[in-house]
1. How many residues, within the stretch A:34-50, are under 21 Å from the mean Cα position of the chain (by Cα) and either of a type in the set (Asp, Glu) or more than 10 Å from chain B (Cβ to nearest Cβ) (or both)?
2. Determine, yes or no, whether B:LYS92 is more than 13 Å from chain A (Cβ to nearest Cβ), in a helix (DSSP H, G or I), surrounded by 15 or more Cβ atoms within 10 Å (Cβ to Cβ) and among the charged types (D, E, K, R).
3. Which members of the stretch A:52-62 meet the condition of being out of contact with any strand residue (DSSP E or B) (no Cβ under 7 Å at 6 or more places or on another chain) and away from chain B (no Cβ under 12 Å)?
4. Of everything in the stretch B:6-20 that's aliphatic (A, V, I, L, M) and without any contact (Cβ under 8 Å) to a residue 12 or more places away in the chain, which residue is surrounded by the fewest Cβ atoms within 10 Å (Cβ to Cβ)?
5. B:ASP23 is checked against (1) touching a residue at least 60 places away in the same chain (Cβ under 8 Å); (2) surrounded by fewer than 22 Cβ atoms within 10 Å (Cβ to Cβ); (3) more than 10 Å from chain A (Cβ to nearest Cβ) and fails just one. What number does that condition carry?
6. Could you tell me which of the residues A:ASP83, A:ASP110 is within 28 Å of the chain's Cα centre (by Cα), closer than 22 Å to A:ALA28 by Cβ and among the charged types (D, E, K, R)?
7. Residue check, B:MET1 against (1) in contact with a Pro (Cβ under 8 Å, 6 or more places away or on another chain); (2) among the hydrophobic types (A, V, I, L, M, F, W, C); (3) modelled with pLDDT under 90, all met but one. Which one?
8. List the helices (runs of 4 or more DSSP H) that sit entirely inside the stretch B:13-89 and contain at least 1 residues that are among the basic types (Lys, Arg).
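The values are calculated or read from the model by the stated rules, or taken from the named source; none is laboratory data. As the structure is a computational prediction, the values presented were derived from the model and not from experiment. Because the Cβ atoms are built from the backbone with ideal geometry, glycine has one as well, and the counts that use them run over all protein chains shown.
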Amino acid sequence: MTKQSHLACRNPKVIMIYENEEDVLGAASIIADQVEEYRTILVNVEIGDKVKNLKPSVILFALTTVQKSIELYTKLISDKFLDYPHYSILLCKNRESATAFRCCIKDIFDNYFVYQPLYEKFRLKMIVHSGLLISQATSHYAGLHEEQLENIGQELVSLIDKSSECKQSLLGSIAICKKSLKEPQNLVVDKELDTNLSSKKLMENINKTHVEPLLAELEDNIKSSLDSMIQQLLSKQVGIEVLEAKLADLSRVLPPDRQTVSEALSESSMLTSKIEHVEIQKPKKILVVEDNQIYRDMLVRVLAKENFLVDEAEDGLNALQKIRSNQYALVLMDLFMPNLDGINTTIQIKSVSGGKELPIIALTGNKNKELIKTWAEQGLKGYILKPSTRNEILEAVNKVIN
Amino acid sequence: MTEKQLQILNRNVMIELIGNEPDMIRQFEIDFLKQAKVSLRNIVTMYNDSRILEIKEEAHFLKTSAKAVGAEQTSYLLQALEQSGLDQDKAKCKDLILRVKEALQRVHGVIVNDKTISPSMP
């Protein structure tokens with residue numbers, strides 16, 4: 001079975017902003033092969049909002065000229081669409097490599113890559129890989145000599161300097177934020193050192209200020225829960241006593257007939273069921289196993305809207321790993337998948353779940369009736385014809401879960 | 001039912017599946033085009049390498065999302081391609097691959113002509 005495409009990612013860590021589709025074909029497919037959470041985005045008026053919503057860690061700028069890329073990046077920072085730590089990569093044509101180099105020296109972009117012509121695909125992969133690893137690292141290149149650079153127009157030099165200032169301002173803001181986050185912790189530590197408290201005293205303080213109030217609160221909670229349970233048990237007991245008295249009265253006059261007994265029993269069961277309903281119902285957890293990411297996303301969306309907790313797996317092996325470490329109420333599973341198909345996954349699930357039955361619903365096309373029969377012999381609770389409507393899916397799911 | 005009787009892109013399919021959410025529907029349509037581009041490239045490579053049985057699997061994979069987004073003509077042709085791959089009928093596979101490509105171009109056309117959409121590429 002073929003690998004699924006990873007290009008349809010809605011929460012990418014890496015994005016490439018492009019202007020001309022033909023320009024980025026090669027570079028886009030190299031990154032798509034390397035990174036699962038990747039997406040290309042056409043530059044338009046909504047680009048700022050898109051970047052702000054996606055919050056990617058690595059952003060590649062692949063506009064038709066370096067100047068356009070600098071302008072866009074500066075605007076994204078100035079307009080606060082990019083106000084968090086990220087790794088920026090400038091893609092440029094060979095003839096603009098000196099300008100791109102200057103941009104990186106000036107700390108505008110974190111790195112650059114010549115993608116036209118595209119010679120070093122592994123270097124591009126390395127740059128993206130490094131970008132994902134590095135959160136923020138600023139180091140200045142010491143060997144900048146103006147004469148080594150090709151002639152760059154004065155206007156562009158000025159734009160680069162301006163953009164550099166803008167980027168430095170962003171980095172400065174981030175550093176201040178990081179510092180202010182660390183300061184309260186440092187203050188606490190300093191205070192403790194100043195008062196020269198022993199570790200024992202410190203523990204006593206923590207116990208007094210944090211642990212003891214928590215324990216007291218816990219004790220109160222347990223007490224009130226126990227009181228409530230005792231009340232429920234007492235009311236059940238009273239109900240049973242009333243019934244016993246009623247039955248005793250009846251037995252004095254007549255032997256109990258069938259109807260009286262069944263009425264008494266139904267009253268008793270009502271009491272019991274009232275007590276049982278006091279328990280809070282947890283949302284059911286469902287695992288969706290489907291190799292096609294688009295259809296899997298749709299199913300997850302349909303089920304999540306109904307307040308199910310939904311987990312997903314792209315093949316049978318991945319599903320088995322998840323089943324080992326989770327308690328699912330139901331599994332929706334595709335038949336044809338890479339690595340391990342639906343039928344063999346079902347066989348494996350039996351041994352993984354240790355005899356406890358885990359209901360499985362098959363996701364299938366209508367051309368596979370014979371295979372579904374074979375699958376059903378391994379224990380299926382139902383099937384959903386792909387793609388089906390929302391109502392059909394929920395009907396099949398609720399039938400099994402309820 | 002023949003290919004021509006089917007719709008290029010039946011949006012009711014997705015409305016009935018994920019609800020009437022135009023933005024989400026658009027996103028899934030664009031994602032489908034991206035996925036189809038890669039998948040079709042894989043199919044052509046398999047054909048050129050005479051790995052005809054593998055075409056069946058790739059066609060099945062793409063058919064799932066084609067059906068889900070309502071690309072009816074495309075999913076119909078992918079079903080036929082899946083069968084031809086299984087039958088190892090190379091000549092028929094070639095014809096169907098070309099027709100799948102045309103069907104995808106029609107889907108692309110529908111999405112592009114919808115002014116509210118700006119399809120991107122992988």
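1. Final tally of qualifying residues: 6.
2. Judged against the criteria, B:LYS92 is a match.
3. A:LYS52, A:LYS55
4. Selected residue: B:ILE15.
5. Condition not satisfied by B:ASP23: (1).
6. A:ASP110
7. Only one criterion is unmet by B:MET1, namely (1).
8. B:22-48, B:52-69
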